[in-house]
Each structure stands twice: as C-alpha cells, then as structure tokens.
Amino acid sequence: MMRLEKYRIGYGQCEVARCESDLAFAKAEFISIIGKNGAGKSTLLKSINDRNLRLDGTINIDGYDYETLNAVEKAKKIALVLTEKSFSHFLKVRELLELSRAPYTSFYGKLRDEDQEIIEQVLSDFELAGLAERNLSTLSDGQLQRVLIARSLVQDTPYILMDEPTSHLDINYKTDLLLHLKEYCKSHNKTIIYATHELQIAQALSDKVVSIHEGLAELHAREVFNTSQKLKEIFPSRNISFINGSIQFNF
C-alpha cells in the first residue's frame with residue numbers, strides 16, 4: 001500500500017494543496033485524480049518523486065519510508081509518466097523501453113532474457129510492435145504518448161503514476177487505453193494513479209477518485225463520489241449538470 005501522510009504540496013512556501021486525511025492507495029487499484037486546471041493534480045503526482053514539491057508529510061510504501069530508499073530502490077517502486085518529454089528523440093522505441101529496465105540490470109547494463117520478454121509482451125499488449133524500430137522523432141504525439149505509457153509498464157513497478165495519459169489520443173484510443181490499463185492493473189496487481197480531465201471515462205472505470213478543490217485533496221470511493229455534489233462544486237456551470245455522475249449539457 002502507498003500512503004501519503006499529513007501531506008502538503010506546493011512551491012517554496014506557497015501551498016497548492018493539502019490532505020486533511022491520509023491518502024491510501026491499495027494494490028490493484030485504479031485511481032483517478034480530478035480537479036480544475038491549476039488545482040494541483042500534476043503537482044501531487046510529481047511531489048511523490050520530488051521532495052522539493054513536498055511542504056510537509058511522508059510517503060509510506062509497503063511499510064517503508066520512501067525517502068529512506070536509494071535511487072535504484074525507488075525506481076523499482078514507482079514509475080512515472082509525465083507531460084514533459086525528457087529523452088533523446090534519436091532513440092528508437094525499443095531502445096527507450098530497454099532503458100527502463102536499468103534498475104534490474106547489472107553494472108554493465110546487459111539485458112537478461114527476462115527483460116526482453118517483458119519488453120516484447122508490453123509491445124504486443126499495447127499494439128506497438130510495429131513501431132519498435134522507429135525513431136521517437138518520427139512518431140505522432142499520440143503514438144509517442146502510448147510509447148511513454150509502455151515504458152512505465154516495462155519498468156515493472158508496483159505503483160505507476162500518470163499525468164494525463166490520454167492526452168493527444170483520439171476518443172476511441174482514450175477509452176480503449178484506460179480500459180486496458182485498468183485490466184492491466186488488476187491482472188498484474190499494480191496500482192495506477194492518474195490525473196485526468198476525462199471525467200466520464202474516469203468515473204466509469206476508477207475504483208477511487210482523488211478530488212482536489214480549493215486546496216483540499218480528498219479520496220473517495222467511486223460510487224460515493226458519483227452520487228455526491230462534489231462534481232458540481234468543482235466544476236460549477238449553468239451550462240452543465242451532473243446527475244449520478246453523468247454529465248448533462250443544458251443547451
């Protein structure tokens with residue numbers, strides 16, 4: 001289990017969001033983070049791996065204080081998919097995926113048969129085998145996004161954090177991808193926590209929802225969240241209504 005305890009995030013001494021109750025994420029849970037632009041969704045995800053964004057609080061992962069782990073141990077616990085693209089575009093897709101196995105390789109970085117099997121399985125599962133030898137610079141934004149998600153899965157960590165994983169994707173790919181990721185987290189006993197603006201898809205698929213509103217981050221069971229007034233509070237508009245979690249347009 002991952003638990004964020006007495007958690008506050010922000011920049012410098014400027015608080016962006018706080019948790020009045022601990023946020024606890026169990027194994028094999030598919031969890032969405034929602035909130036308005038600027039609410040702190042991305043900051044919450046980044047803060048787990050960036051101490052500078054954490055104003056207060058601790059991260060407990062499977063009984064360990066996350067800050068006591070070394071870099072390799074952390075890389076075996078959490079994988080990140082962020083909106084920033086920090087890698088060489090001259091790499092091939094396969095090479096990028098191979099690099100994500102670094103925490104498990106020897107000093108010389110030699111891949112084992114097991115590493116190659118994991119890479120091949122993810123390429124197949126996410127329909128990327130045909131792109132494996134392509135340079136990253138030749139991919140569309142949507143293709144690149146799918147590759148970055150695949151990279152996080154190849155890293156094979158128990159916890160996977162994703163910031164807007166469906167950005168740049170067509171509506172059919174958005175639905176298919178999130179459904180596939182949920183199935184993956186259940187079948188592989190992974191915890192996936194992702195920030196999103198895709199409210200209807202998130203409400204249909206998430207086991208739990210983290211809402212961030214007016215500086216407060218709260219964890220809800222999906223069923224409770226969908227029937228509450230929280231969506232109306234977060235996204236007030238006379239042009240839309242929320243009825244049992246469904247969005248209705250008033251025009």
**Request:** Residue by residue through the stretch 28-52, note down the ones that are of a type in the set (Ser, Thr, Tyr) and under 15 Å from residue 9 (Cα atoms).
**Result:** 42, 43, 47
**Message:** Among the residues that make up the stretch 216-229, is at least one of them of a type in the set (Gly, Ala, Ser) and in contact (Cβ under 8 Å) with a residue 60 or more places away in the chain?
**Reply:** yes
**Prompt:** Within the stretch 183-193, is even one residue touching a residue at least 24 places away in the same chain (Cβ under 8 Å), over 30 Å from residue 121 (Cβ atoms) and in a strand (DSSP E or B)?
**Reply:** no
**Message:** Is it the case, given these coordinates, that residue 157 is surrounded by 12 or more Cβ atoms within 10 Å (Cβ to Cβ), farther than 11 Å from residue 94 by Cα, more than 17 Å from the chain's Cα centre (by Cα) and of a type in the set (S, T, N, Q)?
**Reply:** no
**Prompt:** Using beta carbons and a limit of 7 Å, which pairs, at least six apart or on different chains, have the first residue in the stretch 2-23 and assigned to a loop (DSSP other than H, G, I, E, B) and the second one surrounded by 13 or more Cβ atoms within 10 Å (Cβ to Cβ)?
**Reply:** 19/4; 19/7; 19/217; 20/216; 22/3; 22/4; 22/5
**Request:** Please work out if residue 109 is in a loop (DSSP other than H, G, I, E, B), free of Cβ contacts under 8 Å to residues at least 12 places away in the same chain, in contact with a helix residue (DSSP H, G or I) (Cβ under 8 Å, 6 or more places away or on another chain) and not hydroxyl-bearing (Ser, Thr, Tyr).
**Result:** yes
**Message:** Within the stretch 66-106, take every residue that is of a type in the set (D, E, K, R) and assigned to a loop (DSSP other than H, G, I, E, B) and give me the one that is farthest from residue 51 (Cα to Cα).
**Reply:** 101
**Request:** Please find, within the stretch 160-183, the residue that is surrounded by the fewest Cβ atoms within 10 Å (Cβ to Cβ) out of those that are among the aliphatic types (A, V, I, L, M) and closer than 22 Å to residue 28 by Cβ.
**Result:** 179
**Complete:** When restricted to 156, 176, the only residue within 26 Å of residue 121 (Cα to Cα), among the acidic types (Asp, Glu) and not in a helix (DSSP H, G or I) is 156
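Filter the stretch 112-153 for residues that are assigned to a loop (DSSP other than H, G, I, E, B) and exposed (fewer than 12 other Cβ atoms within 10 Å of the Cβ); which is modelled with the lowest pLDDT?
Residues of the stretch 112-153 assigned to a loop (DSSP other than H, G, I, E, B): 112, 126-128, 132-134, 139-140.
Going one step further and asking which of them are exposed (fewer than 12 other Cβ atoms within 10 Å of the Cβ), we end up with 133, 140.
Values: 133: 96, 140: 90.
Only one residue tops the list, namely 140.
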**Asked** Within the stretch 31-62, restricting attention to residues that are among the hydrophobic types (A, V, I, L, M, F, W, C) and outside any strand (DSSP E or B), which residue is surrounded by the most Cβ atoms within 10 Å (Cβ to Cβ)?
**Response** 44
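The values are calculated or read from the model by the stated rules, or taken from the named source; none is laboratory data. Worth saying up front: this structure is predicted, and the values here are computed from it rather than measured. Cβ: placed from backbone, ideal geometry, glycine included. Neighbour counts: every protein chain shown.
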